[in-house]
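Enquirer: Below is one structure. I have some questions about it.
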Amino acid sequence: MSNKRILSVTGATLAAMLMCSGIARADFTENFDALTDGTSVNNLTNWSGPVTASPGADVAVRLNSITNEESAIVGQVGYGTNSKGVEFNFQDQALRSLTVSEAVTTAGGPAAFEAKVRIASIQTNNPGTTNPPIAAGVNHSFTLLIGENLGYASELVDATDAVAFAVTFYGGATSSIRVSNGSQGFDPSVAGVFTNLANPWSVDTWYTVMLSNIALSDSGDGTNVTATLDIINTDTLASLVSGATVTANLGSAAPGAGAFDQIDSIGLQNIRGNGIATLDDLSLVVPEPASLALLCLGGLLMFKRR
């Protein structure tokens, strides 16, 4: 069974679970399947990314890894397929700005975010050279930022005025998951800014990142907003992180700027070394009206009768 088929099955299962827990309507989904291979994210609607020509863009939708497409290394054993995910090379960053209809506000109730991430065991080099492997976790780190008022400038995600949840697959001698903890700043290498969950992850492995119970607030400075983090191996469903609390962090200019009352942007940062990270199947879901709850209850009763 391919990765994409597995993703579809787990996605459908999660959707059913969320529906019966009151979280069902997807205001934002993106899986990149219908896009042309090699399309730079900078050319996608509501995306911002490095301004680099396709198909050689450093952040682009790819069916095959860039290591398989660089003419200088044809014949090298490459990294295989991405199932049309967005691939990040070097220390590149991108931003997905949500439209008014896609954004989540306090009026929607508790929300949930999901994305799938894979970090490669190889690094990219300049064309004409090989792409050597890297020891597990070393020089590989990838961060998801889910929040309000994230911007994009000089080909970098600008979190100066933002408030956001952060989840980092952090590389080093021992890899770990690091999460925002209500501090100020978004650099996971700075002591105290993130909490280190000490959950080592594996390269070349798809993980599903799920933030649930996101209860946005019309009051406070944003650090009063929390979410529950679960990370599973997408293929085996084995748990990497279960029920961890993530608290929104503030940007350097965010204190006193206002409450964390909507999710309107998603920042993506490949932040260490020349590693390759792939992102796929983004979604943001919010509660359905009470009518769905009644429908769900009816479905559960029918299932019980069977």
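Enquirer: Starting from residues that are small (Gly, Ala, Ser) and surrounded by fewer than 19 Cβ atoms within 10 Å (Cβ to Cβ), keep the ones in segment 177-211 and report whichever is nearest to Gly151 (Cα to Cα). Working first, answer last.
Expert: Filtering segment 177-211 down to residues small (Gly, Ala, Ser) leaves 180, 182-183, 185, 189, 191-192, 198, 202.
Of the ones still in play, those that are also surrounded by fewer than 19 Cβ atoms within 10 Å (Cβ to Cβ) are 182-183, 185, 189, 191-192, 198, 202.
Working: Gly182: 20, Ser183: 19, Gly185: 14, Ser189: 21, Ala191: 24, Gly192: 24, Ala198: 30, Ser202: 30 Å.
Out of the qualifying residues, it is Gly185.
Enquirer: Only one residue in Lys84, Lys116 is more than 28 Å from Asp218 (Cα to Cα), at pLDDT below 80 and in a strand (DSSP E or B). Which one? Give the steps one after another, and end with the answer.
Expert: On the way: Lys116 fails: at pLDDT below 80.
Just a single option satisfies the conditions, and that option is Lys84.
Enquirer: Inspect all residues belonging to segment 152-159 and state whether any of them is farther than 23 Å from Val225 by Cα and among the polar types (S, T, N, Q).
Expert: Start the filter on segment 152-159 by keeping residues that are farther than 23 Å from Val225 by Cα, which leaves 152-156.
If we keep only those that are among the polar types (S, T, N, Q) as well, we get 154.
Yes, segment 152-159 has at least one match.
Enquirer: Continuing with the same structure: Quick one: in segment 158-176, of everything that is of a type in the set (Gly, Ala, Ser) and more than 20 Å from Ser265 (Cα to Cα), which residue is surrounded by the most Cβ atoms within 10 Å (Cβ to Cβ)? First the steps, then the outcome.
Expert: Restricting attention to segment 158-176, the residues satisfying the condition of being of a type in the set (Gly, Ala, Ser) are 159, 162, 164, 166, 171-173, 175-176.
Then drop every residue that is not more than 20 Å from Ser265 (Cα to Cα), which leaves 171-173, 175-176.
Details: Gly171: 24, Gly172: 14, Ala173: 8, Ser175: 20, Ser176: 19.
Selected residue: Gly171.
Enquirer: Now a separate question. Which residues, taken from segment 193-225, are among the aromatic types (Phe, Trp, Tyr) and over 13 Å from Asn249 (Cα atoms)? Spell out how you get there, then give the answer.
Expert: Taking segment 193-225 as the starting set, the residues that turn out to be among the aromatic types (Phe, Trp, Tyr) are 194, 201, 206-207.
Once the filter is applied, which keeps residues that are among the aromatic types (Phe, Trp, Tyr) and over 13 Å from Asn249 (Cα atoms), segment 193-225 yields Trp201, Trp206, Tyr207.
Enquirer: Ok, one more. Which of the residues that make up segment 253-282 are farther than 18 Å from Thr45 by Cβ, buried (at least 23 other Cβ atoms within 10 Å of the Cβ), modelled with pLDDT of 70 or more and aliphatic (A, V, I, L, M)?
Expert: Hits for segment 253-282 are Ile263, Ile276, Ala277.
Enquirer: Something else: Check off (1) part of a strand (DSSP E or B); (2) more than 17 Å from the chain's Cα centre (by Cα) for Ala244 and give me the number that stays unchecked.
Expert: (2)
Enquirer: Regarding segment 195-208, can at least one residue be identified that is part of a strand (DSSP E or B), out of contact with any Asp or Glu (no Cβ under 7 Å at 6 or more places or on another chain) and farther than 17 Å from Val117 by Cβ? Please lay out each step first, then the result.
Expert: The initial filter retains those residues of segment 195-208 that are part of a strand (DSSP E or B), namely 195-196, 207-208.
Add one more test, that the residue is out of contact with any Asp or Glu (no Cβ under 7 Å at 6 or more places or on another chain), and what stays is 195-196, 207.
Adding the requirement that they be farther than 17 Å from Val117 by Cβ leaves 195-196.
Taking every residue of segment 195-208 in turn, at least one turns out to be part of a strand (DSSP E or B), out of contact with any Asp or Glu (no Cβ under 7 Å at 6 or more places or on another chain) and farther than 17 Å from Val117 by Cβ.
Enquirer: Among the residues in segment 232-251, are any surrounded by fewer than 19 Cβ atoms within 10 Å (Cβ to Cβ), more than 20 Å from Ala198 (Cα to Cα), acidic (Asp, Glu) and modelled with pLDDT under 95?
Expert: Step one: of segment 232-251, the residues surrounded by fewer than 19 Cβ atoms within 10 Å (Cβ to Cβ) are 233, 235-239, 242-245, 247.
Narrowing the set further to residues that are more than 20 Å from Ala198 (Cα to Cα) leaves 235-236.
Then keep just the ones that are acidic (Asp, Glu); that gives 235.
After this cut, where a residue has to be modelled with pLDDT under 95 as well, the list is 235.
Checking segment 232-251: at least one residue is surrounded by fewer than 19 Cβ atoms within 10 Å (Cβ to Cβ), more than 20 Å from Ala198 (Cα to Cα), acidic (Asp, Glu) and modelled with pLDDT under 95.
Enquirer: Restricting the search to segment 216-230, which residues are part of a strand (DSSP E or B) and either surrounded by fewer than 20 Cβ atoms within 10 Å (Cβ to Cβ) or without any contact (Cβ under 8 Å) to a residue 60 or more places away in the chain (or both)?
Expert: Keep residues of segment 216-230 that are part of a strand (DSSP E or B), which gives 226-230.
Result: Thr226, Thr228, Asp230.
The values are calculated or read from the model by the stated rules, or taken from the named source; none is laboratory data. None of the values given here were measured: they were computed from a predicted structure. Here the Cβ is made from the backbone with ideal geometry for all residues, glycine too, and neighbour counts use every protein chain on show.
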